[in-house]
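Asks: Okay, here's the structure, questions in a sec.
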Amino acid sequence: MGIGWLEQFLLLPQDIAKLPIEECRSRLESEGVNAAGLDEQQLREALEVAPAPRYCKAFLASVVLALLGWASATALLPANADGPALIFLLLPAPMILAFGRARKVRSS
């Protein structure tokens, strides 16, 4: 399922199915979704979808920042030394997790 701060990033239906219903309800309510009146299947589906808006915003922000960094580095480096600029294209994955988690912590 995950360790430490990545444990909150839970999208796979197989992992969600392993959680007890009380844990599903708790995680869903921590996302800001009212879990009252949902049956078990609806609860698990809602838990799968709940973090999506937060991580979509993080995805967009991190990809835009990485592309801007890459474009800036490519423009500033000499023509034959653009290899180091490619490092900026590796940044989105960790930035998505960091931005998404930061928004989760800040909203709690």
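Asks: Looking at (1) open to solvent by 90 Å² or more (accessible area, probe 1.4 Å); (2) not in a loop (DSSP other than H, G, I, E, B), which one does Ala58 not meet, given that it meets all the others?
Replies: For Ala58, the exception is condition (1).
Asks: While we're on this one: With the checklist (1) exposed (fewer than 12 other Cβ atoms within 10 Å of the Cβ); (2) free of Cβ contacts under 8 Å to residues at least 60 places away in the same chain; (3) not in a helix (DSSP H, G or I) in hand, flag the one item Leu38 doesn't pass.
Replies: (1) is the only condition that Leu38 fails.
The values are calculated or read from the model by the stated rules, or taken from the named source; none is laboratory data. Quantities reported herein were computed from a predicted structural model and do not represent experimental measurements. Cβ: placed from backbone, ideal geometry, glycine included. Neighbour counts: every protein chain shown. Ligands, DNA and RNA are excluded from the accessible area calculation, which covers all protein heavy atoms including side chains. Shrake-Rupley method; radii C 1.70, N 1.55, O 1.52, S 1.80 Å.
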